[in-house]
Amino acid sequence: MPRDASELLAFDRAHVWHPYASGVDPLPVLPVASASGVRIRLVDGRELVDGMSSWWAAIHGYRVPELERAMTEQLGKMAHVMFGGLTHEPAVALAERLITLVPKGLTKVFFADSGSVAVEVAIKMALQWAAGTGRAQRNKLLTVRGGYHGDTFGAMAVCDPVTGMHSRFERVLAEHHFAEAPRCRFGDAWDEDFIRDFRRKIETYHHEIAAVILEPIAQGAGGMRFYSPEYLRRVRELCDEHHVLLIADEIATGFGCTGALFACEHAGVAPDILCLGKALTGGTVTLAATLATDEVARGVSSAAPGQLMHGPTFMANPLACSAALASIDLLLSSPWRERVRRIEGELERGLAPCRNAPGVRDVRVLGAIGVVELEEPVDMLRVQPLFVDRGVWLRPFGRLVYTMPPYIIDTGDLALVTDAIRAVVGVR
Ligand SMILES: Cc1ncc(COP(=O)(O)O)c(C=O)c1O
């Protein structure tokens, strides 16, 4: 029997843990009844225009007929079957599709069940590759500050040491090398000084580094910064020079939100290992993938035990693979580049007035991502209801108010989002 909203909220508050929330005195949450298109419908009937795409995932919006059809068809065959010793059409078809879409050379696909797990798998691949190619002493990674790669222990260890959770779990986190965050903004003229710290770190420590891991072009939850493609090209060159693998974490940037299908394309580079997730299934069900080159696969197999040591229970879930195939088909058959370009222009115009507002440190836009960075952390208790009153769903964190709307959002709905951001920031 459906319970009323107040009972649901009371039980939720007492028993259900939410992301990054207290289990004792959590911040308020809103009960959702349904979602379709770009709108999230609350139990009390209010509708919110989604400016978050459910954390960079629902790029086509909600209740998308093409995705629902693919999943329903798959449900008629099997929702899941184990992947150890078995295989199936949705996984093979998706692997084939991904290999043709991603930057060249990535020919091996490992399906994981979340972005963080895809990062764990990428790290394992790199360490096993190092061992298999006679570089067993290379058991560290090099990354840049300002990064975010997930919340599991391996991933946390390469997140930004300040905005990440290093201080909480210091004693159990692996130690890696950190170069300064890329200082060159997307579109800035290149200066060799921008790569100096990274170059120094890789030159000094390459004998202990198996791989560099970073988010290409757009750093997400570690600071929402966009950096120059030239920086990524230099990183690729330096990795090659020092026989270090490059892991591109495109879990947030994959599938178009920076204006390129994959952010690596801005720089024309291909990584040795690539992580995908989030928008892979169009925001329907959880799935992630770690892709690698033949060379990485050969390296992994060249040292005992000769196998990649990972295998989640829900690996290559057929329902998720079917959703992913349908999502990719839908994306590629849509005018997504034009849509993202239009969103970029509207975000630029809509957020520009925040630029000189008191309390605003920076405004930046790339593709379908718009960011207003404030001087002080956002007071969520104050700000969240203000957004809801204006009919939009946004979820700021730290000093960052940002949006990454579904690509199908129209001009009027996007204006609601940017108007709400301006209002919260105190700009008319
Ligand atoms: C770049 C990046 N890597 C990894 C992750 C972790 O993905 P998940 O939350 O699916 O574990 C995220 C999630 O925000 C991300 O943005």
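Observations on the structure shown:
- Segment 132-160: number of residues that are within 16 Å of the ligand (Cβ to nearest atom) and either small (Gly, Ala, Ser) or part of a loop (DSSP other than H, G, I, E, B) (or both): 14
- Entry remark, segment 343-370: residues being of a type in the set (D, E, K, R) and open to solvent by 80 Å² or more (accessible area, probe 1.4 Å) number 3 in total.
- Conditions (1) hydroxyl-bearing (Ser, Thr, Tyr); (2) under 15 Å from residue 244 (Cβ atoms); (3) at pLDDT below 95: number failed by residue 163: (2)
- Some residue of segment 261-280 being surrounded by fewer than 24 Cβ atoms within 10 Å (Cβ to Cβ), charged (D, E, K, R) and either more than 10 Å from the ligand (Cβ to nearest atom) or under 19 Å from residue 111 (Cα atoms) (or both): yes
- Looking at segment 315-415, the helices (runs of 4 or more DSSP H) lying wholly inside it that each contain 1 or more residues that are at pLDDT 95 or above, of a type in the set (Lys, Arg) and more than 17 Å from residue 59 (Cβ to Cβ) sit at 336-351.
- Segment 303-320 residues that are open to solvent by 70 Å² or more (accessible area, probe 1.4 Å), paired with ones that are of a type outside the set (Val, Ile, Thr) (beta carbon under 7 Å, 6 or more apart): 309/124; 314/80; 314/113
- All told, residue 126 falls short of being more than 24 Å from residue 226 (Cα to Cα), open to solvent by less than 50 Å² (accessible area, probe 1.4 Å), part of a strand (DSSP E or B) and not aromatic (Phe, Trp, Tyr).
- Residue list for segment 211-251, restricted to those being within 13 Å of the ligand (Cβ to nearest atom), in contact with a Phe, Trp or Tyr (Cβ under 6 Å, 6 or more places away or on another chain) and either open to solvent by 10 Å² or more (accessible area, probe 1.4 Å) or among the small types (Gly, Ala, Ser) (or both): 218, 220, 221, 222
The values are calculated or read from the model by the stated rules, or taken from the named source; none is laboratory data. Treat the numbers as computed from the prediction; the structure is a model and nothing was measured. Ideal geometry is used to build each Cβ from the backbone, glycine not excepted, and the neighbour counts take in all protein chains shown. Remember, those area values only see protein heavy atoms, side chains included, never the ligands or the DNA or RNA. Shrake-Rupley method; radii C 1.70, N 1.55, O 1.52, S 1.80 Å.
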